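Participant: My structure is below; once you've seen it, I'll send some questions.
The values are calculated or read from the model by the stated rules, or taken from the named source; none is laboratory data. These figures come from a predicted structure and were not determined experimentally. Note that we place each Cβ from the backbone using ideal geometry, even for glycine, and neighbour counts take in every protein chain shown.
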Amino acid sequence: MITIGVRAHDFGKAHPDELFAQIADAGFECIQLAMPKAIAGISSFDEVNAATVRDIDRALNRTGLKLAVLGCYFDLSTADPEKSAYITATTRKVMTIAQDLGAYCVASESSGCIVPKDDLAAFERLVTQVKSHLEIARELKMPYCLEPVYYHALNSKERVLELKRRLGADYLELIYDPTNLMDPQYLETQEEYIASCLTAFEPMTTVYHVKDFHVGPDTTHGYQRCRLGDGSLKTQTLHDFFSARRQANLFVIREELAPADATFEVDYLKRLVGRA
């Protein structure tokens, strides 16, 4: 069955017992957890210790929430060798924690800032960084998910498939977010573009993100977040795709939730994936 979830830090930052209880009470079934953003007293991965992991594990067990994604988001296209080494070491730490917590995967975006589309050097740095992370993922048998974004180094369907061709698919997965990969040029034909991405990415995607958006007259900088169903994202293709796979072991995670809208959003997600 498709499991619906939310980013934990969309509900704020608190002790895991309090935070996860709020999320479960709202009707969500799984979470994406970025520990420095969601866990009170933790501001960096360096501060995560055995007690932190025990608290998270206990709260997951008490609430019944599944840990779909343990976030380890860094600038994987950095040109700084020291940062690159730190990122790899931290990714190993987070993957080990993910094992202990029974997470499905560890995930990152490809960049930490806007990367020009023609910056091939940034993509090559990304390939090198991800290669080292996949060595860890394959050693620990922990899927490593990348989340493509149209203004990052991993910025298109073609770049994703090139990365897969060069590094192999073993333990390399995606988080596909149609909004994040929505280059403004595809706004008018987004259903067709989403369909092409769903087909291309399906063999390597178990986690999907969903968020809606408004665009202003300037489609390059006019993005505004909004409640699901109230914006410019067209969802018929997504609904058809998920409904045909409603018994599959997939995670559909809401990003940028306003907690006051949680009841509405849970109902919307259930309809989107064919569960209502």
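Participant: Just the residues that are over 26 Å from Pro184 (Cα atoms) and either free of Cβ contacts under 8 Å to residues at least 12 places away in the same chain or among the hydroxyl-bearing types (Ser, Thr, Tyr) (or both), please, taken from the stretch 102-133.
Facilitator: Across the stretch 102-133, the qualifying residues are Tyr104, Thr128, Ser132.
Participant: Suppose the filter is over 18 Å from Cys30 (Cα atoms) and touching a helix residue (DSSP H, G or I) at 6+ places or on another chain (Cβ under 6 Å); does Leu76 pass it?
Facilitator: Yes; evaluated as a whole, the condition is true for this residue.
Participant: State whether the residues of the stretch 129-150 include one that is outside any helix (DSSP H, G or I), modelled with pLDDT under 95 and under 20 Å from Ala89 (Cα atoms).
Facilitator: Taking every residue of the stretch 129-150 in turn, none turns out to be outside any helix (DSSP H, G or I), modelled with pLDDT under 95 and under 20 Å from Ala89 (Cα atoms).
Participant: Considering only residues of the stretch 211-228 that are touching a Ser or Thr at 6+ places or on another chain (Cβ under 8 Å) and not acidic (Asp, Glu), which is modelled with the lowest pLDDT?
Facilitator: Only one residue tops the list, namely Val215.
Participant: Moving to a separate point now. Is there a residue being of a type in the set (D, E, K, R), buried (at least 18 other Cβ atoms within 10 Å of the Cβ), farther than 23 Å from Leu126 by Cβ and at pLDDT 95 or above anywhere in the stretch 166-178?
Facilitator: No: zero hits.
Participant: For the stretch 148-162, state whether one or more residues are free of Cβ contacts under 8 Å to residues at least 24 places away in the same chain, among the aromatic types (Phe, Trp, Tyr), more than 22 Å from Gly274 (Cα to Cα) and surrounded by fewer than 18 Cβ atoms within 10 Å (Cβ to Cβ).
Facilitator: no
Participant: In the stretch 122-148, how many residues are hydrophobic (A, V, I, L, M, F, W, C) and within 14 Å of Asp75 (Cβ to Cβ)?
Facilitator: Summing the residues that are hydrophobic (A, V, I, L, M, F, W, C) and within 14 Å of Asp75 (Cβ to Cβ) in the stretch 122-148 gives 5.
Participant: Next question, about the same structure. Within the stretch 89-147, work out how many residues are in contact with a strand residue (DSSP E or B) (Cβ under 8 Å, 6 or more places away or on another chain) and closer than 21 Å to Arg7 by Cα.
Facilitator: Adding up the residues that qualify gives 21.
Participant: If you don't mind, there's one more thing I want to ask. Take the stretch 118-128 and flag every residue that is surrounded by 14 or more Cβ atoms within 10 Å (Cβ to Cβ) and either under 23 Å from Leu67 (Cβ atoms) or modelled with pLDDT under 95 (or both).
Facilitator: Passing the criteria: only Asp119.
Participant: While we're here: So Met182 passes all but one of these: (1) modelled with pLDDT of 95 or more; (2) more than 14 Å from the chain's Cα centre (by Cα); (3) more than 16 Å from Cys105 (Cα to Cα); (4) not basic (Lys, Arg). Which condition number does it fail?
Facilitator: Among (1) modelled with pLDDT of 95 or more; (2) more than 14 Å from the chain's Cα centre (by Cα); (3) more than 16 Å from Cys105 (Cα to Cα); (4) not basic (Lys, Arg), Met182 violates only (1).
Participant: Within the stretch 184-197, identify whether any single residue is in contact (Cβ under 8 Å) with a residue 12 or more places away in the chain and closer than 30 Å to Ser132 by Cβ, and answer yes or no.
Facilitator: yes
Participant: Could you grab me the full set of residues in the stretch 135-160 that are over 19 Å from Gln190 (Cα atoms) and of a type in the set (Phe, Trp, Tyr)?
Facilitator: Answer for the stretch 135-160, where residues must be over 19 Å from Gln190 (Cα atoms) and of a type in the set (Phe, Trp, Tyr): just Tyr144.
Participant: State yes or no: is Lys66 under 24 Å from Ile175 (Cα atoms) and in contact (Cβ under 8 Å) with a residue 12 or more places away in the chain?
Facilitator: Yes.
Participant: Is it true that Ala200 is surrounded by fewer than 20 Cβ atoms within 10 Å (Cβ to Cβ), out of contact with any helix residue (DSSP H, G or I) (no Cβ under 9 Å at 6 or more places or on another chain) and modelled with pLDDT of 95 or more?
Facilitator: Spelling it out, it is not the case that Ala200 is surrounded by fewer than 20 Cβ atoms within 10 Å (Cβ to Cβ), out of contact with any helix residue (DSSP H, G or I) (no Cβ under 9 Å at 6 or more places or on another chain) and modelled with pLDDT of 95 or more.
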